[in-house]
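Below is one structure; the comments refer to it alone.
Any read-out appearing in this document is the output of simple, stated calculations on the displayed coordinates, not a laboratory observation. Since this is a predicted model, take the numbers as computed values, not measurements. With ideal geometry, Cβ positions are generated from the backbone for all residues, glycine too; neighbour counts draw on all protein chains shown.
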Amino acid sequence: MIRISLQRGGKGAKAFLVFMVLLLCAAAQADAPIGWASVNAMGQNGTTGGAGGTTVTVTTAVDLADYATRTGPYVIQVSGTITLPDRVDVASDKTFWGIGSNPTIATTMPDDNDAVLRAKGTHNLIFRNLIFRQDSAVSEELDGIALTRDSEGNFANHVWIDHCEFSNWVDGCIDITHASDYVTVSWCIFHDTALRGTLLGHSDTSTAIAEDTGHLTVTYHHNWFRTPQRNPRVRLSLLCHVFNNYYDGCSLYGVVSATDAEVLVEGCYFEDVPHPTYTGYESSPPGDLVERFNVYYYSPGYPPEPIWPPETRGTVPEPSAYYPYSLRSASDVPAKVTAYAGVGKLDLNTDHTPPGPDPMTWATPPHATGVSSIAMTASTATDAEGGVEYYFSNLTDPSHDSGWQSDPSYSDEGLSLATLYAYTVKARDVSFDLNETAPSDSQSARTYSAPAGVSDGKWTIY
């Protein structure tokens with residue numbers, strides 16, 4: 001067995017909450033995306049789909065196509081298995097929500113339809129709790145969901161794909177191309193697919209470069225990838241944020257950054273993946289990729305070919321400059337993702353309350369323990385649903401933040417001599433939501449100072 005854990009940089013932050021209302025089985029449920037789909041831009045306050053519109057239940061291809069293409073907001077509840085014979089071009093302001101047992105959108109359509117559901121220049125779309133399955137004969141050019149632009153140059157934006165399952169696709173399960181923006185793909189399963197998972201950016205040509213540069217902003221988090229490649233393959237993205245995903249036996253590779261893309265891969269768990277990340281692939285020139293806080297695990301007897309370290313290149317923007325998010329420990333990812341990803345799992349999330357005390361408090365405030373170290377201890381937090389983690393923030397020098405840890409004590413090392421540092425601490429549970437407390441009050445401490453050769457009672461400096 002080989003386990004490699006690379007720990008470099010990064011900070012967690014509280015997930016940004018933008019509330020939407022969906023009706024499911026006559027009950028209201030509040031939820032919202034994390035990541036790019038949560039960002040207020042282009043006249044959209046996050047991604048709300050059909051919230052505020054009419055709720056309908058569809059059981060046939062005719063009804064699904066009818067409501068999907070209507071003007072105005074709709075919450076479209078999909079019941080049973082609906083087999084689409086032709087592509088549906090989805091209008092703006094729609095939520096597609098699977099209800100009942102195994103809600104499925106399947107297809108037998110030929111290649112020349114491009115995709116089953118296509119957002120062509122439309123916006124504010126949500127797809128949740130749905131199985132997407134290709135039932136046609138081998139069809140190498142058909143996608144499950146495609147986001148693209150229309151003939152007038154409008155590109156798809158503000159799309160959230162959550163708790164869906166994609167199986168039996170030969171081409172892409174989800175293709176995001178032609179300057180599409182503000183997209184989140186979360187808690188989905190990609191499996192039993194012959195070739196590819198999800199593509200971000202369609203081409204390396206000069207035309208694509210002119211169109212896509214500064215766009216293709218997508219977050220992939222808490223997905224279970226069991227597809228050989230394109231998980232995702234990225235070109236030209238302003239920032240593709242890939243965090244807390246489970247890569248389970250992807251036989252070719254995990255993530256590609258190519259053609260000047262900016263990709264951050266963090267807090268992911270790669271299991272038996274020979275090439276976790278590439279910078280550049282085949283004829284595509286390289287992109288930038290930063291990896292941090294990931295775990296690389298290989299089973300006994302693995303690999304069938306040499307293990308290649310993750311490829312990295314350059315620097316990338318920080319997602320926290322655009323939206324807050326909270327990073328789960330990579331070692332927890334397989335258990336959480338396999339428990340909560342996919343269809344029928346939304347009701348498992350019952351914990352929406354942070355640990356106590358809230359706001360967090362200090363058991364022992366920060367205090368100097370040397371010329372370059374300050375120690376502190378948080379009050380012991382408790383949570384009715386289980387475990388708790390702590391995050392100590394160095395407000396003076398955030399590069400010294402602790403990161404999320406199970407220990408309520410923290411010793412900040414490598415500080416400057418005779419310098420005042422301020423700290424807060426917060427806690428979170430380890431549930432699906434990672435519910436966080438508010439931070440404690442700020443407390444400060446100054447590292448020791450002593451002239452050379454003189455003892456201050458704790459340190460002698462020569």
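Using only alpha-carbon positions in the stretch 295-414, the gyration tensor eigenvalues give semi-axes of 31, 24, 16 Å once each is multiplied by 5 and square-rooted (largest first). Each Lys and Arg adds +1 at its Cβ and each Asp and Glu adds -1 at its Cβ; summed about the Cα centre, the chain shows a dipole of about 700 debye.
Applying 1/(1 + (r/R0)^6) with R0 = 60 Å to the Cβ-Cβ distance of ASP89 and SER320 gives a FRET efficiency near 0.95. If each Cα of the stretch 253-329 is one equal point scatterer, what is log10 of I(q)/I(0) from the Debye formula at q = 0.22 Å⁻¹? Result of the Debye calculation: -1.02.
Each Lys or Arg adds one and each Asp or Glu subtracts one; over the other residues with Cβ under 12 Å from the Cβ of ILE126, this totals -1. Projecting the Cα positions of ALA51, LEU434, PRO408 onto the charge dipole of the chain (unit charges on Cβ atoms of Lys, Arg, Asp and Glu, taken about the Cα centre) puts PRO408 furthest along the positive direction. Show log10 I(q)/I(0) for the stretch 362-446 at q = 0.20 Å⁻¹, two decimals, from a solvent-free Debye sum over equal Cα scatterers. Those come out to -0.83, one per q. Here is how the number arises for the chain: DSSP H runs of 4 or more residues each give -39500 (n - 2.57), the sum is divided by the residue count, and the result at 222 nm is -1500 deg cm²/dmol.
This ranking places THR380, THR95, THR71 by how few other beta-carbon atoms lie within 10 Å of each, fewest first, which gives THR71, THR380, THR95.
Which residues make up the longest stretch of the chain that has no trypsin sites (Lys or Arg not before Pro) in a DSSP loop with at most 13 other Cβ atoms within 10 Å? In short, 9-457.
Between THR59 and ILE307, residue separation times 0.36 nm minus the direct Cα-Cα distance comes to 84.5 nm. Counting lysine pairs in the chain whose alpha carbons fall under 25 angstrom apart, excluding pairs fewer than 8 residues apart on the same chain, gives 9.
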